[in-house]
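Notes follow the structure.
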Number of protein chains: 2
Amino acid sequence: EVSNIDAQTSHKTTTLPGLINITSFIPSLDDFEASTKASLAAGFTFNAFLPQTLSGTTINDFDSLVQAIDSASAGAYTDYSFSIAGSDSNAVGVLEANENAGALFLPFNDLANSKVSAISSHFASWPENKPILTDAKTTDLASVLLLASLHNRSIHITGVSSKEDLDLIRMAKDKKLQVTCDVSVYSLFLSKDEFNLPFLPSKEDQLELWANLEDVDAFSVGVLPYLIAKALNKNIVPGLGFMEALPLLLTAVKDGKLTLEDITAKFHDNPAKIFGIPKQDATVEIDLDRVVRSKDSPISSIFSALKLQGSIERVSFHGETACLDGSILAKSASGNNEVV
Amino acid sequence: EVSNIDAQTSHKTTTLPGLINITSFIPSLDDFEASTKASLAAGFTFNAFLPQTLSGTTINDFDSLVQAIDSASAGAYTDYSFSIAGSDSNAVGVLEANENAGALFLPFNDLANSKVSAISSHFASWPENKPILTDAKTTDLASVLLLASLHNRSIHITGVSSKEDLDLIRMAKDKKLQVTCDVSVYSLFLSKDEFNLPFLPSKEDQLELWANLEDVDAFSVGVLPYLIAKALNKNIVPGLGFMEALPLLLTAVKDGKLTLEDITAKFHDNPAKIFGIPKQDATVEIDLDRVVRSKDSPISSIFSALKLQGSIERVSFHGETACLDGSILAKSASGNNEVV
Ligand SMILES: [Zn+2]
Ligand SMILES: [Zn+2]
Ligand SMILES: [Zn+2]
Ligand SMILES: [Zn+2]
Ligand SMILES: [Zn+2]
Ligand SMILES: [Zn+2]
Ligand SMILES: [Zn+2]
Ligand SMILES: [Zn+2]
């Protein structure tokens, strides 16, 4: 571990590379500035945006992708990319758009009828060098893993939240299938024991996720904070879930459940490798001992029982101090659209 | 082709091995005598019975399996075996019964909740040398193929009736997965164009089945004739579907759509290999030119438009002429329970 002692406070400090969130959710295409500022302040300097917004699947062809990139370019305080959503019938459409997309996202609940044919046609046509990710679970997960294997494709599974699914992914990895996965930070800290919500893991499943973190390639923020906020009647604001993500993990480091290397691997190195994200000029300086005070995040109160320890002091990005103690100093929206 | 000319009638004749039906359905456990007599008269000398009857899944543990074998033994005019049904929770129960079972059958519609875990636990515990078959389709089919592959298991898919599923099986075979499949004879001759029933293939799918018969390992009779009879308000009687099966295929031979070797391969050699069925002392002598007259089968009227050509003259079984021109001559129920 690379950590130093702050001479004045005798607090331990460390520097991480700028974090990468591979499943960033924006409420609407108007929210790039607020979303990327929130993520920057939270230590995330790359946002790989999902193709959905609160209005549903928004990015699913060339025009909608280009419009999203356009909307983002004026207000992006982090680097970014967009994935494009594959549907039952748009394998040709997404193929046309592939050069501008970070990845192909296969949202399983959107695939109504002939999932096998739809997934197969995407696997057959989407370029080999561009990533594919999916939120498939249980039987659908098994199905998509078979199809990936039959088409010799790598596939990333996002938002794993059950022992059953993680077991399946582990078995597939053991069989040399090219599969990677991420777990939402929030699935690691909230379970049905805290809030009985269908999208949260059972406590048993959550413990299994912790016990098998070596099978988890990446952490993510994703859509879960929005689902939680909505279910608990909290405000839906851009950037939900970023602020608490790193402090939650750093508190787990303090508790000996995780190492700083785990955070670097799962929130930077592996995401960069899996999604082919170019090396960024970005670092995050962290004070590991400072207690995070309850801030004005709509969901921070959810964790009021936890004393979150570990605070972001400085985020450097594109050659400047972009954020200091939570305040954005970056003079302009210098984030770039970066795709493979 | 091994065919001779009948001197008296100048009809072509041929002799096939006794046919094996790998998915025999009995309306109830009282119907073994009637079912096996009907199948014997139709040229089938081995019945691998499904674990379901009209009352639903009937054979799913040691007791119900032994009771079925008991009921069958007194009245079986063919050799036979039973498969046992795997459920969400009976992996241990079916394992106890495995020595008396011909195969493990995984009925996908019965698996409600956690299909992946259920199938995985069956694959992990069911003995390597005993067959597993399933009626899984579409996404469930892809899922079960993955699990079979992860567990290094061979799996037989019964009742394939769509291009999509056959394509998936072909891709899996190309990738050296240990998968075999059968198509119901009735899916080859009835489509939604004739009767708009959910369990019949579309005409397009049916044409694809015909065009890709080289990917189909076996023919079967199965439960489809019962589903058709029920939907069309025909009488439900034991042995439904056997009588027409071979004449339908022989008519296709006449039409050049199939060879006698295909019938031997898919209704004897491959079923015997896939299900480990011991060599039987059984032959079927066929008159290829005799036109089959409309008989008293509740479903034969369905094929009234077809001139069924090819008729069974004699079935020899266990050293005697067991059936001559449709009349059972066997003096006793000499069928044996034969399992691997
Ligand atoms: Zn400090
Ligand atoms: Zn392919
Ligand atoms: Zn980096
Ligand atoms: Zn950059
Ligand atoms: Zn004749
Ligand atoms: Zn296994
Ligand atoms: Zn034989
Ligand atoms: Zn015998």
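Could you pull out the residue among A:ASN90, A:ASN109 that is over 20 Å from the mean Cα position of the chain (by Cα), more than 9 Å from every other protein chain (Cβ to nearest Cβ) and not basic (Lys, Arg)?
Values: A:ASN109 fails: over 20 Å from the mean Cα position of the chain (by Cα).
One residue alone meets the criteria, A:ASN90.
Residue pairs whose Cβ atoms lie under 8 Å apart, sitting 6 or more positions apart in sequence or on different chains, and linking a residue in the stretch A:155-181 that is among the acidic types (Asp, Glu) to a partner that is assigned to a strand (DSSP E or B), are A:ASP165/A:ILE157. Picking from residues in the stretch B:236-252 that are part of a loop (DSSP other than H, G, I, E, B) and on the phi < 0 side of the Ramachandran plot, the one that is nearest to the chain's Cα centre (by Cα) is B:LEU240. The residue that is farthest from ligand 5 (Cβ to nearest atom), among those in the stretch A:111-126 that are closer than 16 Å to A:SER143 by Cβ and surrounded by fewer than 18 Cβ atoms within 10 Å (Cβ to Cβ), is A:ALA112.
Please enumerate the residues belonging to the stretch A:253-297 that are in a loop (DSSP other than H, G, I, E, B) and within 16 Å of ligand 3 (Cβ to nearest atom). Break it down into steps so the answer makes sense when it comes.
Taking the stretch A:253-297 as the starting set, the residues that turn out to be in a loop (DSSP other than H, G, I, E, B) are A:255-259, A:276-281, A:292-297.
Hits for the stretch A:253-297 are A:GLY276, A:ILE277, A:PRO278, A:LYS279, A:GLN280, A:ASP281.
Looking only at the stretch A:284-291, decide whether some residue is out of contact with any Phe, Trp or Tyr (no Cβ under 7 Å at 6 or more places or on another chain) and more than 16 Å from A:THR13 (Cβ to Cβ).
Taking the stretch A:284-291 and keeping what is out of contact with any Phe, Trp or Tyr (no Cβ under 7 Å at 6 or more places or on another chain), we get A:284-291.
Of the ones still in play, those that are also more than 16 Å from A:THR13 (Cβ to Cβ) are none.
No: the stretch A:284-291 contains no residue that is out of contact with any Phe, Trp or Tyr (no Cβ under 7 Å at 6 or more places or on another chain) and more than 16 Å from A:THR13 (Cβ to Cβ).
Determine if the stretch B:298-307 includes at least one residue that is within 16 Å of ligand 7 (Cβ to nearest atom), in contact (Cβ under 8 Å) with a residue 40 or more places away in the chain, assigned to a helix (DSSP H, G or I) and touching an Asp or Glu at 6+ places or on another chain (Cβ under 7 Å). No, that holds for no residue.
Collect the residues in the stretch B:132-155 that are under 15 Å from B:PRO107 (Cβ atoms), surrounded by fewer than 24 Cβ atoms within 10 Å (Cβ to Cβ) and more than 11 Å from chain A (Cβ to nearest Cβ), keeping them in residue-number order. Within the stretch B:132-155, B:ILE132, B:ASP135 meet the criteria. Just wondering, is there one or more residues in the stretch B:203-211 that are among the hydrophobic types (A, V, I, L, M, F, W, C), farther than 24 Å from A:THR138 by Cβ and touching a helix residue (DSSP H, G or I) at 6+ places or on another chain (Cβ under 7 Å)? Yes. Restricting the search to helices (runs of 4 or more DSSP H) fully inside the stretch A:19-99 and requiring at least 2 residues that are farther than 26 Å from A:LYS230 by Cα gives A:62-73, A:91-97. Scoring B:LEU40 on the criteria (1) at pLDDT 95 or above; (2) more than 16 Å from ligand 7 (Cβ to nearest atom) leaves a single failure, condition (2).
The values are calculated or read from the model by the stated rules, or taken from the named source; none is laboratory data. Since this is a predicted model, take the numbers as computed values, not measurements. Note that we place each Cβ from the backbone using ideal geometry, even for glycine, and neighbour counts take in every protein chain shown.
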